[in-house]
1. Add -39500 (n - 2.57) for each DSSP H run of 4 or more in the chain, then divide by its residues: what number comes out at 222 nm, to the nearest 500 deg cm²/dmol?
2. For segment 216-265, what does the alpha-carbon gyration tensor say about shape, rounded, prolate or oblate, given a ≥ b ≥ c as the root eigenvalues, a/c under 1.5 as rounded, and a/b over b/c as prolate?
3. Which one is right for this structure if mean projected area of the Cα convex hull in nm² is calculated from it: (1) 16.7; (2) 15.5; (3) 21.3?
4. Run down the aspartates and glutamates and flag those whose C-alpha is under 13 Å from the C-alpha of Lys37, throwing out any fewer than 8 positions away in its chain.
5. I want the local charge near Arg107. Using Cβ-Cβ distances under 11 Å, sum +1 for each Lys or Arg and -1 for each Asp or Glu among the other residues.
6. Given springs between every Cα pair under 10 Å in a Gaussian network model of the chain, which of Ser39, Ser212, Ser170 has the largest fluctuation?
7. Can you find, among Phe53, Phe92, Thr167, the residue sitting farthest towards the positive end of the charge dipole of the chain, where Lys and Arg contribute +1 and Asp and Glu -1 at Cβ?
8. Quick one: accessible area per residue over segment 70-123, 1.4 Å probe, rounded to a whole number of Å²?
Amino acid sequence: MKVRRRQEEEEKEKGRKTVVLFGSSDTSDSILSMEEKVSCAYPLDFNEARAIFLVGQNYVNEAKEYFQIDGHATDHIEVVQDHSALFKALAFFEDDYERCCKMHKRRIDMLEPICKDLNPQYYLLISRQLQFEVAETYYEMMDLKIAVADKQEELEAHTIRKINHLTTSSIKYYELFLDSLKTPDKKFPDKLEEDVLRPAIVAKFRIARLYSRIITADSNKQIENISQSLEYYRFVVDYCTRNQDAKKAVETELELSEEMASLLPLRLERLRAKLTSVN
């Protein structure tokens, strides 16, 4: 990677000399000053990624000032989504799970208020995008918190509450997204449109996984959550069975759903047997 980076820098220097030779010096200086703020080379670590992030965030903040929510609602929301995307990209380079989680929390803080205030009747597409992104962000935070908790000898009560809050919040927004796809008589469509097929099936799959991640010592609640999880896994399998063309779009999710749909009934049997023996 370092050799490739050096070659890219040499090519960049050649380009700089060419501009100076054949172009207006004022114009070239203006262009070069902009180009030098962000390298065309991919960042290799967090510090390089952060430098790019800060440049992008500066432009995003300028755009937010210009495109105010009142009068430029669609433009403003798109800029906020860009800001969220910057944090998501930066989080990829962060090795510390707690700091990574805080970056995703910043995304929640900027997206969730808009998602709550937006009227789906007038902004259906944007509303769906926000609902899915907020759900996905809570989902990523849940995974990070579980990874942190796995390193602890014993789960503390506040850690359990935090994981469960992230889990149920993700379910909530995935459900809002799925509800927006229902017909006027509140029924889920038998066949999804191509543009929402993968997001919808992924949402169903993730809700299935989320229900199995809820932490509780109550055996009845465990049975209830696993039953819900099984229902959603079965939906993915049944939908792809009825609509064969959907399989290519969700191959991984379908494979895992088929596996879980066969394993969870056995887990439910054991939980019910355990509950019966205790009673």
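The values are calculated or read from the model by the stated rules, or taken from the named source; none is laboratory data. Predicted model only: the values in this text are computed from it and were never measured. Note: ideal-geometry Cβ built from the backbone for every residue, glycine included; neighbour counts use all protein chains shown. We work out accessible area using only protein heavy atoms, side chains counted, and drop any ligands, DNA or RNA first. Shrake-Rupley method; radii C 1.70, N 1.55, O 1.52, S 1.80 Å.
1. -27000 deg cm²/dmol
2. Taking the square roots of the gyration eigenvalues as a ≥ b ≥ c, segment 216-265 is prolate.
3. Only one option fits the structure, namely (3).
4. Asp29, Glu48
5. That works out to -1.
6. In the Gaussian network model the winner is Ser39.
7. Positive-most Cα among the choices belongs to Thr167.
8. Result: 58 Å² of accessible area for each residue.
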